[in-house]
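Please read the structure below before turning to the comments.
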Amino acid sequence: MATVSYSHNIMDDEYEKFIRRMNPPRVVIDNESCKNATIIQVDSANKHGILLEVVQVLTDLNLVITKAYISSDGGWFMDVFNVTNQEGNKITDEAMLDYIMRVSCILCTKFGTFFFCINVGKELNFLWFHFQSLGPDSCFASSMRRSVGVTSGMDHTSIELIGSDRPGLLSEVSAVLTNLKCNVVNAEVWTHNTRAAAIMQVTDEENGGAINDPERLSMMKQLLCNVLRGSNKLRDAKTIVSDGVSHTERRLHQLMFADRDYERTADEGLDDKERPNVNVVNWQDKDYSVVTINCKDRPKLLFDTICTLTDMQYVVFHGNVDAEGPEAHQEYCIRHVDGSPVKSDAERQRVIQCLEAAIERRVSEGLKLELCTTDRVGLLSDVTRIFRENSLTVTRAEVTTRAGKALNIFYVRDSSGYPVDAKIIESVRQTIGQTILRVKGNVKELNPVRQESPTRFLFGGLFKSRSFCNFGLVRSYS
């Protein structure tokens, strides 16, 4: 008679499934308990990366997380977030609450059964969902993701770029794509510590869809890689062309982390006074490492730090976040995925450097400019050339296209390191069109910034030998 044996792994897996069925994930949205914020509580079986997914969902909804409490011991996690909208008010709009409910449905696809509760008044409304057949490609999932780098591969071709930062780099990249008859419909560009990373969505100029010709794609990769490499033979440059989807901001963190942008000499990067205060110590009694972060608060700060810890293969077991004032305080009890705390001083220094880099990448120095106009091939290259001809340097850029309209954001400052001259800004606006290019903020209130190495800037430099062939077209927009 044959005997049947069961491995411990199978038994453990069945036990975990049983626990999940008996204790389904739960999300509670409470607008009564706190005077000035909406409280979102998420309870679920623990899994590495689930905390980042929760924070990512809230961040993608442009919610401001003012406080957070994190606990994930014993195979179960509970996260509590105090959130507001961009104006600092509670989330009371029914459409937004329904939006949050749909996002929560994405999370439940990992576990099957899901419990959702909204407390918007005196009565509790209980909704019970069973989504065993709901997959990650559902309409809910696709509707919640950012427009950059996450839409269907049939609509566009995605390009990931990483290389040495230098003056005029984005203009050169844009020129290559324009010559290849590609239109940049979405893009996000970061620079940090002499490195530049970008994720771009491009379409074929002729049919408006993805580029499928293998020879054309191969030429695109080769030309872009040559541009990124430039004259710097010491650092690698990479170009990846695909039709896949990803979360743009997380992917940018991953690209720059893999490129080791956190490494720098003593005279590189921010001054000590400007650098975020990050510390890591071991809590011997509890076998944790405690990470504390104090820095100026800004949008998406929590996402950036959690993203970095997750991609470095650390698990956050407990955490407290307070960002109600101008300064943000974060504290995390972490272990490596292998269960160990930080083992050496070298590892401790690496965690500190990586968290500092994650915070600094999104810092936007300079004046914010918003451009809104009809999209066309070559628009990005032409606009950035105007900036450069007026000695403006762009420190970060976000490019989006919606319904044939280009909605671009640029952070600019004077290439010499002095405050932006209001007359130059007005001259640029007259050239591009005052109704097309708008200034967000007060030019006179800009503080002087110190002189930087030219390699710090993504834009800059001047292509004097190349005329602005579409000058009349851009001016006609005004």
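Brief remarks follow.
- Sole residue being at pLDDT 80 or above, of a type outside the set (D, E, K, R), out of contact with any helix residue (DSSP H, G or I) (no Cβ under 6 Å at 6 or more places or on another chain) and assigned to a helix (DSSP H, G or I), chosen from 107, 52, 58, 97: 58
- For residue 374: the one exception among (1) surrounded by fewer than 21 Cβ atoms within 10 Å (Cβ to Cβ); (2) more than 24 Å from the chain's Cα centre (by Cα); (3) under 25 Å from residue 250 (Cα atoms): (3)
- Of residues in segment 183-235 being out of contact with any strand residue (DSSP E or B) (no Cβ under 7 Å at 6 or more places or on another chain) and among the hydrophobic types (A, V, I, L, M, F, W, C), the one modelled with the lowest pLDDT: 234
- Any hit, segment 45-62, residues being more than 22 Å from residue 311 (Cβ to Cβ), within 23 Å of the chain's Cα centre (by Cα) and crowded, with 21+ Cβ neighbours inside 10 Å: no
- The residue list 271, 304 contains one member that is surrounded by fewer than 19 Cβ atoms within 10 Å (Cβ to Cβ) and either modelled with pLDDT under 95 or assigned to a helix (DSSP H, G or I) (or both), which is 271.
- Selection of segment 356-368 for residues being outside any helix (DSSP H, G or I), out of contact with any Ser or Thr (no Cβ under 8 Å at 6 or more places or on another chain) and either modelled with pLDDT of 95 or more or open to solvent by 10 Å² or more (accessible area, probe 1.4 Å) (or both) yields 362, 363, 368.
- The set of residues in segment 307-323 being in a helix (DSSP H, G or I) and either open to solvent by 10 Å² or more (accessible area, probe 1.4 Å) or not hydrophobic (A, V, I, L, M, F, W, C) (or both) consists of 308, 310, 311.
- Checking each residue in segment 324-343 for being among the β-branched types (Val, Ile, Thr) and not in a strand (DSSP E or B) picks out 337, 342.
- Residue match in segment 417-431 (condition: assigned to a strand (DSSP E or B), in contact (Cβ under 8 Å) with a residue 12 or more places away in the chain and either surrounded by fewer than 18 Cβ atoms within 10 Å (Cβ to Cβ) or acidic (Asp, Glu) (or both)): no
- Scanning segment 63-77 for residues that are modelled with pLDDT under 90 and open to solvent by 40 Å² or more (accessible area, probe 1.4 Å) yields a total of 4.
- Every residue from segment 424-438 that is over 18 Å from residue 409 (Cβ atoms) and touching a helix residue (DSSP H, G or I) at 6+ places or on another chain (Cβ under 8 Å): 431
- Screening the candidates 394, 337 for the property of being open to solvent by 20 Å² or more (accessible area, probe 1.4 Å) and farther than 18 Å from residue 277 by Cα yields one hit, 337.
The values are calculated or read from the model by the stated rules, or taken from the named source; none is laboratory data. Remember, it's a predicted structure, so these values are computed and weren't measured experimentally. Note: ideal-geometry Cβ built from the backbone for every residue, glycine included; neighbour counts use all protein chains shown. Please note that ligands, DNA and RNA were not included when accessible areas were found on the heavy atoms of the full protein model with its side chains. Shrake-Rupley method; radii C 1.70, N 1.55, O 1.52, S 1.80 Å.
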